[in-house]
Amino acid sequence: MNEREQFLFDLQGFLKVENFLTADEVGACNAAFDANWDQRQDDPNHHPDGNTYGPVRRGMFTGMLTWDKPHCQPFRDLLAHLKLIPYLNTLFGRGWKMDHSPFMLTGGKGTEGLVIHGSTARHFDDSQYYIYRNGQMRCGMIVCQFQLADVNEGDGGMCVVPGSHKANFPVTQEIRRWEQDQQVVYNVPCKAGDLVIFNEATLHGTLPWTAEHERRSLLYRYSPKTLHFAGGTYSVTQPDWVSELTEAQQAVLEPPYIYNRPLINDDGSVEKPRRG
Ligand SMILES: O=C(O)CCC(=O)C(=O)O
């Protein structure tokens, strides 16, 4: 993570990394979704409110890591992507983990949004936070959103309130519902292959989708080694398919703990110090 990127993430609470994925990587993910289109479900996280309302339910895919081969592979490859590791090592320190299963958000014109949410610094929230100290940034859960289709200005989809990870006052209901002060809400324009990394504490949400083409955003959420944000379960005994993964990918799927934790170095190698 270079100095420019560190400045921007600290300032804004999010960072866009252009051309993160190659056209082949984007193509492999899209081909896997096309081949598994029957897996599409309505997004259970259904909270449009105010101007984030849209007439069509948002679509979602999950479970891609266990899809039949070859379609699981592009998603397994992203778990500990070599280009992503240095970003996560900078934002969490060494020792971080997948928070819950990756998922893809999709939908065509008229697809609903999601009310703006996050956390502000007014109370310490130990699951979503931003701390800067002694030259280091530290974050609660982080979302990595890989765009598999273009997001042009005004198309809708993911939005952020830049700088809100440091806000000291509660956000108003009108801003959360995108009814007032819309100029503080930024719908991040992207090309397919771009990555947006944002802190879950940064106020963010979804604007209704207005474009003719379909939204395709793939979300991987990571947490520090001590934290598990989302509900549901994680296994301490890993399922069989995990043994097919690389050492770094397996390390990402470890549950939260400190001692003897496998830590991923910037070059993708893994080490196991006695204390993480
Ligand atoms: O990308 C989006 O539409 C919003 C995602 C979101 O709200 C989240 O990751 O918490």
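Within the range 97-108, not a single residue is among the hydrophobic types (A, V, I, L, M, F, W, C), in a helix (DSSP H, G or I), under 26 Å from Asp267 (Cβ atoms) and more than 13 Å from the ligand (Cβ to nearest atom). In the condition set (1) surrounded by 14 or more Cβ atoms within 10 Å (Cβ to Cβ); (2) part of a loop (DSSP other than H, G, I, E, B); (3) touching a residue at least 60 places away in the same chain (Cβ under 8 Å), Cys29 is compliant with all but (2).
The number of residues in the range 125-178 that are assigned to a strand (DSSP E or B) and open to solvent by less than 50 Å² (accessible area, probe 1.4 Å) comes to 14.
Just name the residue that is nearest to Leu88 (Cα to Cα) out of those in the range 109-144 that are more than 16 Å from the ligand (Cβ to nearest atom) and basic (Lys, Arg). Lay out the reasoning, then the answer.
Taking the range 109-144 first, the residues more than 16 Å from the ligand (Cβ to nearest atom) are 121-124, 126, 131-138.
Right, trim to basic (Lys, Arg) and you get 122, 133, 138.
Values: Arg122: 25, Arg133: 17, Arg138: 10 Å.
Per the criteria, the residue is Arg138.
Considering only residues of the range 187-243 that are of a type in the set (Ser, Thr, Tyr), in a loop (DSSP other than H, G, I, E, B) and surrounded by fewer than 23 Cβ atoms within 10 Å (Cβ to Cβ), which is farthest from the ligand (Cβ to nearest atom)? The residue in question is Thr237. With the structure loaded, tell me whether Asp181 is open to solvent by less than 10 Å² (accessible area, probe 1.4 Å), of a type in the set (D, E, K, R) and either touching a helix residue (DSSP H, G or I) at 6+ places or on another chain (Cβ under 7 Å) or within 23 Å of Val252 (Cβ to Cβ) (or both) or whether it fails that test. Taking the combined requirement at face value, the residue does not satisfy it. The set of residues in the range 115-173 being of a type in the set (Phe, Trp, Tyr) and closer than 22 Å to Asp49 by Cβ consists of Phe169 alone.
The values are calculated or read from the model by the stated rules, or taken from the named source; none is laboratory data. This structure is a prediction, so every number in the text was calculated from the model and none was measured. Because the Cβ atoms are built from the backbone with ideal geometry, glycine has one as well, and the counts that use them run over all protein chains shown. Side chains included, ligands, DNA and RNA excluded: accessible areas come from the protein's heavy atoms. Shrake-Rupley method; radii C 1.70, N 1.55, O 1.52, S 1.80 Å.
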